[in-house]
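Read the structure below first, then the notes.
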Amino acid sequence: MTSIAKPPVRHPSSRTNGLGFVLRDYEGAMSTLCAGCGHDSVTAALVQTAWELDLEPHRVAKMSGIGCSSKTTAYFMKQSHGFNSVHGRMPSVTSGAAAANRDLTYIGISGDGDSLSIGLGQMSHAIRRGVNMLYVLENNGVYGLTKGQFSAAADIGSTSKKGEANQQPPIDPVLLALTLGVSFVARSFSGDKKQLVPILKAGISHKGFALVDVISPCVSFNDHEGSTKSYKFTREHEVESVHTDFVALRREITIPETQEDVSVVQMHDGTSVRLRATAPDYDPTDRESAYAHVRACQARGEIATGLLFIDESKRDMHDFMNTIPTPLVDVPFEKLSPGKAALEKLMDRYR
Amino acid sequence: MSGINDFAFKMGTVNGTGSASANSLLMQAIFRMGIPVTGKNVFPSNIQGLPTWYEIRVSKDGYTARPSAVDMVVALNPSTYAKDVATVRPGGYLLYDSTWPLDPDLVREGITILGIPFGGMCVEAFQKDRDRTLLRNIAYVGALAALLDIDMDIVGQMLTEKYGKKPQLLDANHKAIKLGYDYAKANYTCPLPFRLEKMDATGDSILMDGNTACALGALYAGATVGAWYPITPATALMEAFKSFCEKYRVDKDTGLNNYAILQAEDELAAAGITIGAGWAGARAFTNTSGPGISLMQEFIGLAYYTEIPSVFFDVQRCGPATGMPTRTQQADLMSLAYASHGDTKHIVLFPANPKECFEMSVESFDIAERFQTPVFVASDLDIGMNDWMVKRLEWDDSYRPDRGKVLDAAALEKIQKFSRYLDVDGDGIAARTLPGVGGKGAYFVRGSGHDKHAAYTEDSDAYQEVVDRLTRKFAHAATQMPKPAIHRQDGAEVGLVTVGGCDAAVREAADLLHAQGIPVDVMRIRAFPFGVEVSDFLAQHERTFVIEQNRDGQLRSMIGIELGVARDSLIPILDYGGMPLTAKVVVDAVTAHFAGVTV
Ligand SMILES: Cc1ncc(C[n+]2csc(CCOP(=O)(O)OP(=O)(O)O)c2C)c(N)n1
Ligand code: SF4
């Protein structure tokens, strides 16, 4: 993404989406991240995703914590409502907002510091709670904003820019999420827009919590020799578990016909994700094999990407709470307050 | 004290033996006889096995503070005999379980000892061990009914209400009551010199605890999102909210809930959920106690700076740290008023009893939305968990929530540009929009430096413009807070200033001081920021005492900080041992002060 502000004029030949918006309408403020930061590529993928999904900007709530990654929310969909909360606590704020208004599309953006250290508890509980949101974890293995400390995602032996080697085992958000019963989890790479965009689309369309762990290199603090989250390292070690594409009902995306197995996963909103397994026996609906696959790749020093697990039957937070379909913010006051007569009757119970 | 309808007694029992229901039966029966009564539970931070007490004060004059002396102790826990017997006033009575020989600890000159073999009688009358333990407590209700002249019809009626659907239990309870009653009648001169006589002073009152009242307030105010993490003494607030919602907030046609209660993973998350829901436009609240408030600090600052309505109920307990979870205090005043880092100030409401808990919790949501800021309702364990006699709660059906300045799509149409933090009306309050609104309404909420357009800034002037407006907003809020409650006596030159649940004891103390020739005016502060009435009152009095339940005189300090009143000119009366305040503490402190003052 460029760091030079672009003129707001629209090229007459720009393609519009179903709502009549061009891609540029989904852009946000000018990025202040380092040139080349992986997070900006994620931003670009989010812009593309939102545009292609015909998301109404003002019906989208962009939520984040604190960190370079958490700034992402400012850089896409400038006509959307945004909320930079406090470090590591975006999940609770989103839970509250989603409880109050279930009709918005919630896109949460976080970092590995934000999510796996200070916010580990909140992320875990948002998963358990089944908040209906897309949760993008921009994972660079370091704390970018505070200048290069190891995060809980740093691999053993990965070195800091100063050369110090990390000693502690990393927390893998995908494995964690699988363990916690997440209903959707995927992993991708910020530089792989072709794979990332359909995954993001699927995540947004999924009813329930959708975690997308995006390896997103930090050019300033974690893109050197010895880092395991560098562009070079990731490109060399990435293994695509399934080839992912997303088919929205209104806009069919055709994928090349091949002889390989294609599994079509129906989404809750009627859309579906087509998954092309590179390994013929990979089943993204089986939690155990997803876990085993990620572990096996790890053991080989590889990174499993793609849609790793999806459970379509999963109910979300509102189902657990048995809430009415109307957003609570829209329930008229008359329906909420039991009134004078009820209070008078109730008072007799306290005699 | 110590006459008809004017005395106090207490039961010393073991936590978890069923004494709680026996005690509330006693208190309620007296209340239904039309006699003003107060019950205070003194319980341990433990589920079972430790000593627990219940103090009942009967006061024909309507005093509801904790009694300064007790006329009788019902000693049923041998491990506290020595302590219990010491609390009986000279000339008072001690009732104990004489199944076991008289313990030397119980012997004290100047008091009358009454023994009734509760345990023995229950072993004979009931088969199961559990029944024998539980019904022993009901047996002492029977004995007290005889000794104090409690109306047995009322007791019978209450048992029917409670156990009507379980005939076996009902019979057993009746049997146990009769055991105690008959034994006392047969062996002692009943009633005692202090006793009960029907009155007509409770007809328009109810017995309710503050947590229930706050929950009802949240329900009536139209709160839809409640987030919490369990903590004594705040837990019952959300539990009550939940049960009210189950009764009143389930859609009849679909069986679906028009409320959301989220039990969070901790208080940080509970605060985050509350703020997220407040931002989205719901009336949202969380309930907690001191340790939870400590954890919420960062979020409280965020809500203050980003101007998000949110309501925090703090049911205070004894601090610092884990402190004494089942003892009361008013020691969070400053940590609420100035919660979080940076320059922050918050609106705090101080209910004094459950009726005010109800009213102020409704008000708290209005204030939070009108001023777009966190609002704290500072209750405490005594108010929250004890049953208070208060006037029946009332509701005006014409009430509509004050949603404050919220611009919807139509309103946005009419303006050229929406700037979230722009003070258009000059009252310090900027209009907000709710997420989901279209047009010009979308903006970015950020806890980092922002200007009046909500854009990120590190510019000194743009930053200051926003934080200075927050100061103006707060000053404006001071003019719209619940006014202090002021009670004057003729010729008073002395002022008593207090807050919250101290009210009952301070008002009683004022009467006692008056009777001793020291007329006093009482002002109970009901909100922070303080209105002009507070400074006026202070200026009107030669000598002012500030009575509060914490070690450091936090209210006194806040008055000093906010009103520029020299702290030394206010005489502190501090009571922070964890028990509800008694009038005696106040009277003694004031008279001691005057005894030491050379006129
Ligand atoms: C309570 C609190 N502690 C510490 C910080 C400082 N802080 C800001 S961002 C950050 C780490 C961000 O790392 P990550 O989430 O991985 O994002 P990145 O910058 O790497 O994208 C820290 C420690 C803070 N803002 N708040
Ligand atoms: S420090 Fe790293 S994470 Fe932060 S903007 Fe720069 S490259 Fe991106």
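Just a few scattered comments:
- Each DSSP beta bridge with both residues in chain B is either parallel or antiparallel, and the antiparallel ones are about 35%.
- For the pair the range A:43-75 and the range B:422-438, the centres of their Cα atoms are 24 angstrom apart.
- Separation between Cα centres of the range A:158-189 and the range B:28-47, rounded to whole Å: 56
- In sequence order, calculated HN-Hα J values of the range B:195-210 (Karplus, 6.51, -1.76, 1.60; Hz; x Gly/Pro): 7, 9, 9, 3, 10, 9, 10, 10, x, 9, 10, 9, 10, 8, 9, x
- Here r is the Cβ-Cβ distance between B:Asp425 and B:Asn46 and R0 is 51 Å; the resulting FRET efficiency, rounded to 0.05, is 0.40.
- Put simply, the amide H of A:Val142, placed in the peptide plane, has neighbours under 5 Å in A:Ser151, leaving out anything fewer than 5 places away on its chain.
- Amide N of the range A:106-144 lying under 20 Å from the label point, which is placed 7 angstrom from the Cα of A:Arg315 along Cα→Cβ: A:125-133
- Residue (of A:Val42, A:Phe21, B:Ile367) at the positive-pole extreme of the protein assembly as shown, dipole from beta-carbon charges: A:Phe21
- Residue-wise HN-Hα coupling along the range A:136-152, computed from phi with Karplus coefficients 6.51, -1.76, 1.60 (Hz; x: Gly, Pro): 9, 9, 7, 9, 10, x, 9, 8, x, 4, 9, 6, x, 5, 5, 9, 6
- DSSP finds beta bridges in the range B:1-95, and of those with both partners inside it, around 65 percent are antiparallel.
- Legend: mean number of C-beta atoms from other chains within 10 angstrom of residue C-beta atoms, peptide B:391-403, equals 4.
- Scalar couplings 3J(HN,Hα) for the range B:374-385, obtained by applying the Karplus form with A = 6.51, B = -1.76, C = 1.60 to θ = phi - 60°, are x, 10, 9, 10, 8, 9, 8, 4, 4, 5, x, 10 Hz; x denotes Gly and Pro.
- Spin-label pair B:Tyr163/A:Thr146, simplified geometry with 7 Å Cα→Cβ offset, distance in nm: 6.1
- Check: the range B:443-562 dipole with +1 on Lys, Arg Cβ and -1 on Asp, Glu Cβ, in debye: 300
- For A:Ser158, residues with placed amide H under 5 Å, excluding near neighbours: A:Asn166
- Of B:Lys345/B:Lys414; B:Lys162/B:Lys185; A:Lys207/A:Lys335; B:Lys242/B:Lys473; B:Lys391/B:Lys473; B:Lys10/B:Lys355, pairs whose Cα-Cα distance is over 31 Å: B:Lys345/B:Lys414; B:Lys242/B:Lys473; B:Lys391/B:Lys473
- Relative pair counts by distance (%), Cα atoms of chain B, 20 Å bins: 19, 47, 27, 6, 0
- Compactness of the range B:475-599, taken as the C-alpha radius of gyration over 2.2 N^0.38 Å, stands at 1.00.
- Fraction of antiparallel bridges per DSSP, the range A:1-118 only, in percent to nearest 5: 20
- Approximate spin-label separation B:Ile561-B:Glu542, in nm, with each point projected 7 Å along Cα-to-Cβ: 3.2
- Listed peptides B:353-366, A:18-31, B:560-573, B:142-155 appear in the order B:353-366, B:142-155, A:18-31, B:560-573 once ranked by packing, highest mean of other Cβ atoms within 10 Å at the front.
- Viscosity 1.567 mPa s, temperature 4 °C, Stokes-Einstein D of the protein assembly as shown from Kirkwood C-alpha radius, µm²/s: 42
- Pairing chains B and A buries close to 5100 square angstrom of accessible surface in total, based on protein heavy atoms and a 1.4 angstrom probe.
- Sum of -39500 (n - 2.57) over DSSP H runs of 4+, divided by residues of chain B (222 nm, nearest 500): -12500 deg cm²/dmol
- Each of B:Val250, B:Ile261, B:Thr288 was placed along the dipole of the range B:238-311 (beta-carbon charges, centred on the mean Cα), and the one lying farthest toward the positive end is B:Val250.
- Cα-Cα pairs of the range B:123-227 separated by more than 17 Å (percent): 66
- Counting only heavy atoms of the protein chains and using a 1.4 Å probe, B:His341 has close to 140 Å² of accessible surface.
- The simple spin-label model puts a point 7 Å past each Cα toward its Cβ; for B:Lys185 and B:Glu109 those points are separated by 3.8 nm.
- Accessible-area order (highest first, 1.4 angstrom probe) of the listed residues B:Trp388, B:Trp100: B:Trp100, B:Trp388
- Where trypsin sites (Lys or Arg not before Pro) fall in DSSP loop in the range B:118-177, at most 10 other Cβ within 10 Å: B:Lys128, B:Lys165
- Neighbouring partner chain Cβ atoms per residue of B:251-263, average, 10 Å criterion: 5
- Calculated mean residue ellipticity at 222 nm for chain A: -8000 deg cm²/dmol, from DSSP H runs with n ≥ 4 weighted as -39500 (n - 2.57), summed, divided by the residue count and rounded to 500.
- Projecting the Cα atoms of B:Phe530, B:Ser98, B:Ala431 onto the charge dipole of chain B (Cβ charges, centred on the Cα centre) puts B:Ser98 farthest toward the positive pole.
- For B:Gln316, nonlocal amide neighbours, meaning residues 5 or more places apart or on other chains whose placed amide H falls under 5 Å from its own, are B:Ser379, B:Asp380, B:Leu381.
- Relative to one another, the C-alpha centroids of the range B:74-103 and the range B:325-346 are positioned 40 Å apart.
- For the segment B:441-453, counting C-beta atoms of other chains within 10 Å of every residue's C-beta and taking the mean gives 4.
- Cut-off 10 Å between beta-carbons: net charge of the residues surrounding B:Ile56, Lys and Arg +1, Asp and Glu -1: +2
- The range A:100-247: translational diffusion in µm²/s, Stokes-Einstein, Kirkwood Rh over Cα pairs, 4 °C, 1.567 mPa s: 83
- Percent of Cα pairs exceeding the 26 Å cut-off, where the set is the range B:20-131: 25
The values are calculated or read from the model by the stated rules, or taken from the named source; none is laboratory data. Bear in mind that the values here come from a model prediction, so they are computed numbers and not experimental data. Reconstructed Cβ throughout: ideal geometry from the backbone, glycine too, with neighbour counts over all protein chains shown. Only protein heavy atoms, including side chains, enter the accessible area calculation; ligands, DNA and RNA are left aside. Shrake-Rupley method; radii C 1.70, N 1.55, O 1.52, S 1.80 Å.
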